[in-house]
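Novice: Take a look at the following structure, please.
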Amino acid sequence: MSKFQKKGKAGMPELNTSSLPDLIFSMLFFFMMVTSMREEELKVEYKVPGGTELEKLERKSLASYINIGRPTKDLRAIMGTASRIQLNDKLIRGEEVGYIREYVQAEREAMSERDKPFMKMVMRIDKDTQMGIVTDVKMELRKSMALSVVYSATDKKK
């Protein structure tokens, strides 16, 4: 008598799906933690000028945004129609550009040590904004050692 006996064709065992809900919940939790949502509400309107040489940001988490333009329609009654600077959710006037240093410092402290050298300041500027405000913002960025500045534009081909 042989040690091994053939019992005929054995059927395929059933697939165990008892851990499937745990797996799906874990994946959902992972994607919720990794996804970044818009951090700020736009309080200024801007129509960026067209550009011919555009560069795509590789890592948007390294970018901090400065928006310059007229306040939105609902804020014009309070703020007026002059161009304003938006840093996160705070609107400042052109005369208050000194707050930019504090903003850059706070953004730099929020980053990890290895990402700090790659920090970029993205300026979204309305095409009708006076260059005096833009120059003041650029000077404050230089004083705070935020030297990597990227300007937002649309593709002129459109």
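Novice: When you go through ALA110, ALA146 one by one, which is the residue that is open to solvent by 70 Å² or more (accessible area, probe 1.4 Å), of a type in the set (A, V, I, L, M) and over 19 Å from LYS43 (Cβ atoms)?
Specialist: The conditions single out ALA110.
Novice: Return the residues of the range 60-75 that are under 15 Å from the mean Cα position of the chain (by Cα) and assigned to a helix (DSSP H, G or I); say none if nothing qualifies. Before you say what the answer is, go through the steps one by one.
Specialist: The initial filter retains those residues of the range 60-75 that are under 15 Å from the mean Cα position of the chain (by Cα), namely 60-67.
Listed by number, the residues that qualify are LYS60, SER61, LEU62.
Novice: Between a first residue in the range 113-136 that is farther than 14 Å from ARG93 by Cα and free of Cβ contacts under 8 Å to residues at least 60 places away in the same chain and a second residue that is surrounded by fewer than 18 Cβ atoms within 10 Å (Cβ to Cβ) and among the charged types (D, E, K, R), which pairs have beta carbons less than 7 Å apart while being 6 or more apart in sequence or on different chains?
Specialist: LYS116/ARG108; MET119/ARG108
Novice: Failed condition for PHE30, given (1) open to solvent by 100 Å² or more (accessible area, probe 1.4 Å); (2) at pLDDT below 70; (3) under 30 Å from TYR65 (Cα atoms); (4) of a type outside the set (Lys, Arg), with all others met?
Specialist: Single failed check for PHE30: (2).
Novice: In this structure, is ILE78 touching a helix residue (DSSP H, G or I) at 6+ places or on another chain (Cβ under 7 Å) and either at pLDDT below 85 or surrounded by 13 or more Cβ atoms within 10 Å (Cβ to Cβ) (or both)?
Specialist: No, not satisfied.
Novice: A further question on this structure: Considering only the range 76-157, give the strands (runs of 3 or more DSSP E) lying wholly within it that have at least 2 residues that are under 17 Å from the mean Cα position of the chain (by Cα). Steps first, please.
Specialist: Details: elements: 84-87, 90-92, 120-125, 149-151.
Output list reads 84-87, 120-125, 149-151.
Novice: Using the structure shown, decide if SER2 is open to solvent by 90 Å² or more (accessible area, probe 1.4 Å), at pLDDT below 80, assigned to a loop (DSSP other than H, G, I, E, B) and among the polar types (S, T, N, Q).
Specialist: No: the conditions fail for SER2.
The values are calculated or read from the model by the stated rules, or taken from the named source; none is laboratory data. Source: prediction; values computed, not measured. For neighbour counting, all protein chains shown are included, and Cβ atoms are generated from backbone atoms with ideal geometry for every residue, glycine included. Remember, those area values only see protein heavy atoms, side chains included, never the ligands or the DNA or RNA. Shrake-Rupley method; radii C 1.70, N 1.55, O 1.52, S 1.80 Å.
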